[in-house]
Structure formats: structure tokens, C-alpha cells
Amino acid sequence: TFDKKEFSALPTTESEFTITREAGTMTMKGKFEGNEGYGKFTFTENADFKTFLAKEGIEITKEHDMMMLFMGNINRDYVAFLKQNGYKDISKSKLVELGIHGLTKDVLTNYFSTFDKKGLTLSKLIELKIHGVNAQYKKSLNDAGFIDVPLQQIIEAKIHGINAEYLAD
């Protein structure tokens, strides 16, 4: 999904409009009726951003991967944020996965303040997001008396549907 303000225009007659982010530009041709739209799109990757990623050790070779970074709104600031938080060796596949699964800076900051950071690999962060494990879920386990539960067991509990009501029973 895109924030409405990112669109260059929302046409009510068939026409062309764009969304530009650091990873590239998506040009769409179609129209909107109310809150729904239809049409076709083309994606043009941003060569400068691709060069920046290469200098950071993240080699992107497929346009599809750049488009996934575009969809996740991955930018220079995001890569710097990851590095500032100790993730120095970021692979292309992990960066793409972070974007696909919506691990924004806000989501990551929440994870960093909720869980022991030394166990939070990029893979583990993606796993937390995929399974819907968050601060609220951890708090519900803590409130039910389960305080020092290892991260992997928290994930397994969430996968198996263990919640506060189940624990109370």
C-alpha cells in the first residue's frame, strides 16, 4: 500500500501518475474511482541508489529486488539505521525480506526495546514480524506470570496460539 500523499496525482480519468522513492519510480497508468483504482505500472530503478547499496556491500542484480525495496520504502536512512544498530553485514536477500515484511524503523525500534538485542539477528527479526510477535504479546505472557521466557519459546507460543486467555485457563 502507498500513502495517498506519495502519488503525484490520483486521476479520475485514465492517465499516468507516479510514485518516487529512493529505490526508483513506479509509473502507473490507470484511474481511480472513489478509493479504488486500476491500471498498469512500470518500475524504473534508481541507479544512484543501486550504486549506494553496492558501496554498502549489498549487490542488487535483479530489477525485481529493487522493486521489492521500493515497495518496502527501503532507503539510505534505513540502511544507515541498520548499520547503527549493529547489522554491518546486510545481505541483499535479508534487505529485500525486511522490506517485503514491513520491518520499518518503527517496528525495529520496538523490537529493540522489547527483546534482548543480542539475539535479534535479521532472520530473527523477520521471524518475529511474520508470526506477529510484538511488545504487546510479550507483555501478555509477562502479565500471565511468564517472565523470563526465551525468545524462541515466545515465537513458538505465538505460532501455537498460546495467549493470555489460554494461560489463564
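The values are calculated or read from the model by the stated rules, or taken from the named source; none is laboratory data. Owing to the predicted nature of the structure, the values given are computational and were not obtained by experimental measurement. For neighbour counting, all protein chains shown are included, and Cβ atoms are generated from backbone atoms with ideal geometry for every residue, glycine included. To get the accessible areas, we keep the full protein, side chains included, count just its heavy atoms, and leave off ligands, DNA and RNA. Shrake-Rupley method; radii C 1.70, N 1.55, O 1.52, S 1.80 Å.
Taking the solvent-accessible surface of protein heavy atoms with a 1.4 Å probe, what is the per residue accessible area of the chain in Å²?
On the way: 10060 Å² over 169 residues.
Value for the chain: 60 Å² per residue.
Give me the percent of the accessible area of segment 45-149 that comes from carbon and sulfur atoms, probe 1.4 Å, all protein chains in place.
Details: 2780 of 5560 Å².
Carbon-and-sulfur percentage of accessible area, whole number: 50.
Most fluctuating residue of Tyr137, Tyr38, Tyr111 in a GNM of the chain with Cα springs under 10 Å: which is it?
Comparing Tyr137, Tyr38, Tyr111 in the GNM, the peak value goes to Tyr38.
With n ≥ 4 as the cut-off for DSSP H runs, can you work out [θ] at 222 nm for the chain, using -39500 (n - 2.57) per run divided by the number of residues, rounded to the nearest 500?
Numbers: 9 runs with 79 residues, N = 169.
So the calculated ellipticity at 222 nm is -13000 deg cm²/dmol.
Just going by the charge dipole of the chain, with Lys and Arg at +1 and Asp and Glu at -1 on Cβ, which of Tyr78, His131, Pro150 is farthest out on the positive end?
Tyr78
Per-residue accessible area for Thr121 at 1.4 Å probe radius, Å² rounded to 10?
The accessible area of Thr121 comes to roughly 70 Å².
Determine the sum of side-chain charges near Asn85: Lys and Arg each +1, Asp and Glu each -1, restricted to other residues whose C-beta is under 14 angstrom from that of Asn85.
Working: positive: Lys83, Lys88, Lys94, Lys105, Lys117, Lys118, Lys124; negative: Asp77, Asp89, Asp106, Asp116.
That works out to +3.
Run the dipole for the chain about the Cα centre, Lys and Arg Cβ at +1, Asp and Glu Cβ at -1, nothing else charged, and hand back the magnitude in debye, nearest 20.
Numbers: 22 positive and 24 negative charges, 84 e Å.
So the dipole magnitude of the chain works out to roughly 400 debye.
Give, as a single signed number, the net charge of other residues whose beta carbon lies under 9 Å from the beta carbon of Phe52, with Lys and Arg counted +1 and Asp and Glu -1. Mind dumping the intermediate values first?
Numbers: positive: Lys50, Lys55, Arg76; negative: Glu22, Asp48, Glu56.
For residues surrounding Phe52, the net value is 0.
Can you find, among Thr61, Leu141, Gly102, the residue farthest towards the positive end of the dipole of the chain? Put +1 on the C-beta of Lys and Arg, -1 on that of Asp and Glu.
The residue sitting farthest along the positive end of the dipole is Thr61.
How would segment 90-162 be classified by its alpha-carbon gyration tensor: rounded, prolate or oblate, with rounded meaning a/c under 1.5 and the a/b versus b/c comparison settling the rest? List each step's numbers first, then the result.
On the way: a/c = 2.10, a/b = 1.87, b/c = 1.12.
Prolate, because a/c is 1.5 or more and a/b exceeds b/c.
Within segment 76-114, list the residues whose amide N lies under 20 Å from a label point set 7 Å along Cα→Cβ of Ile130.
From segment 76-114, the list is 90-105, 107-109, 111-112.
Answer with a single label: of (i) 16.6; (ii) 18.2; (iii) 17.1, which was calculated as Kirkwood radius over Cα pairs in Å from the structure in view?
For Kirkwood radius over Cα pairs in Å, the calculated option is (ii).
Arrange the residues Ser113, Ser123 by how much accessible surface each exposes, largest first, with a 1.4 angstrom probe. Don't skip to the end; give the middle numbers.
Details: Ser113 95, Ser123 60 Å².
Correct descending sequence by accessible area is Ser113, Ser123.
Quick check: the distance between the Cα centres of segment 1-45 and segment 130-169, to the nearest angstrom?
Taking the Cα centre of segment 130-169 as reference, the centre of segment 1-45 is 40 Å away.
Cα-based count: Lys pairs in segment 1-69 below 25 Å, eight or more positions apart or different chains?
Taking segment 1-69 as the scope, the lysine pair count is 13.
Could you work out the equivalent-ellipsoid semi-axes for segment 123-167, taking the square root of 5 times each eigenvalue of the Cα gyration tensor, largest first, in whole Å?
Working: eigenvalues 57, 22, 15 Å².
Here the semi-axes work out to 17, 11, 9 Å.
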